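The structure appears below as structure tokens.
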Amino acid sequence: DTGVSQDPRHKITKRGQNVTFRCDPISEHNRLYWYRQTLGQGPEFLTYFQNEAQLEKSRLLSDRFSAERPKGSFSTLEIQRTEQGDSAMYLCASSSRGPEEAFFGQGTRLTVV
Amino acid sequence: AQRVTQPEKLLSVFKGAPVELKCNYSYSGSPELFWYVQYSRQRLQLLLRHISRESIKGFTADLNKGETSFHLKKPFAQEEDSAMYYCALRPGTYKYIFGTGTRLKVLA
């Protein structure tokens, strides 16, 4: 599968633990997006990278959340001191132009117990 | 406020019947609107965008600025159309605001 790859696909963690997710975009794509989707809701924008620069962060991204994209290739999303409200599907997408061309990964489902 | 509303969580229709998935938006500027689809166990993917005025898999959507709507339509539903459909607004240059989605079930 040469599409956007996310790892892990599922993560169960105890409240208070830190978790890190990885996203590998399509290789020639310089734009990368993170979204979060909770049950019964549509995806909500979290953050956007163009190459290695993080150009926008949503207010949804509290201080416990941090995202990086070193060298403009893969990206990581870390959540510190997880809370039950962090339980959601975390989606990554990449594109080479505007976001309408974005391709989504299959997501990482996080469950905080 | 920038918002997308999809009033129906679930829409069930019989095969061959017309389909209309409703989407209303709230945005003060000139909107860019899209429909995304997610088939069972597959990724979210772009279905169509208002700016291209195209028909994809028999689906069309017309932007009605007066009614602030972007309803998705298909004259004859097929079983393979069963999926989750999300309407999305792009208020900036690189992010979407998604609606809550409508699950379409096409019954045989």
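Just A:ALA93, A:ALA53, A:ALA102 to compare: in a GNM of chain A, with alpha carbon springs under 10 Å, which one fluctuates most?
A:ALA53
When all alpha-carbon pairs of region A:30-93 are counted, what percent fall beyond 18 Å?
Of all Cα-Cα distances in region A:30-93, 32 percent exceed 18 Å.
What are the residues of region A:38-72 that lose 30 Å² or more of accessible area, with a 1.4 Å probe, going from their chain alone to all protein chains?
A:GLY40, A:GLY42, A:PRO43, A:PHE45, A:TYR48, A:GLU56
For chain A, what is the accessible area per residue in Å², given a 1.4 Å probe and the full set of protein chains?
51 Å²
Among DSSP beta bridges whose residues both lie in the protein assembly as shown, state the antiparallel percentage, nearest 5.
Antiparallel bridges make up about 85 percent of those DSSP assigns within the protein assembly as shown.
List the residues of region A:14-37 whose backbone N lies under 17 Å from a point placed 7 Å from the Cα of A:GLN84 along the Cα-to-Cβ direction.
A:14-17
Pairs B:LYS57/B:LYS95; B:LYS9/B:LYS74; A:LYS14/A:LYS71; A:LYS14/B:LYS9; B:LYS65/B:LYS105; B:LYS73/B:LYS95: which are spaced more than 22 Å apart, C-alpha to C-alpha?
Over 22 Å Cα-Cα: B:LYS57/B:LYS95; A:LYS14/A:LYS71; A:LYS14/B:LYS9; B:LYS65/B:LYS105; B:LYS73/B:LYS95.
Could you work out how far apart the two model spin labels at A:THR2 and B:THR93 are, taking each label as a point 7 Å from the Cα in the direction of the beta carbon, and quote it in nm?
About 2.9 nm separates the two model spin labels.
Name the residues whose placed amide hydrogens come within less than 5 Å of the amide hydrogen of B:SER12, ignoring near sequence neighbours (fewer than 5 apart) on the same chain.
Result for B:SER12 returns B:LYS105.
Round to a whole angstrom and tell me the spacing of the C-alpha centers of region A:36-62 and region A:67-105.
The two parts, judged by their Cα centres, are 7 Å apart.
With springs connecting C-alpha atoms under 10 Å apart, model chain B as a Gaussian network and identify which of B:GLU32, B:GLU67, B:GLU79 has the largest mean-square fluctuation.
The residue that fluctuates most here is B:GLU67.
Please work out, to two decimal places, the log10 of the ratio I(q)/I(0) at q = 0.14, 0.16, 0.17 Å⁻¹ from a Debye calculation in which every Cα of the protein assembly as shown carries one identical scatterer.
-0.88, -1.11, -1.22
Note down, for region B:6-108, the three equivalent ellipsoid semi-axes (square root of 5 times each alpha carbon gyration tensor eigenvalue), biggest first, whole angstrom.
Three semi-axes, in Å: 23, 14, 12.
Using a probe radius of 1.4 Å on protein heavy atoms only, what is the accessible area buried between chains B and A, both sides summed, to the nearest 100 Å²?
Using a 1.4 Å probe, the pair buries roughly 1700 Å².
Could you compute Rg(Cα) / (2.2 N^0.38 Å) for region B:1-55, with N its residue count?
That ratio works out to 1.33.
For region A:1-107, taking Cα atoms only, what is the radius of gyration to one decimal and the Dmax to the nearest whole Å?
13.0, 38
The values are calculated or read from the model by the stated rules, or taken from the named source; none is laboratory data. The structure displayed is predicted, hence computed values, not measured ones. Using ideal geometry, Cβ is built from the backbone for each residue, glycine included, and neighbour counts are taken over all protein chains shown. The protein model used for the area step is the full one, side chains on, heavy atoms only, and it has no ligands, DNA or RNA in it. Shrake-Rupley method; radii C 1.70, N 1.55, O 1.52, S 1.80 Å.
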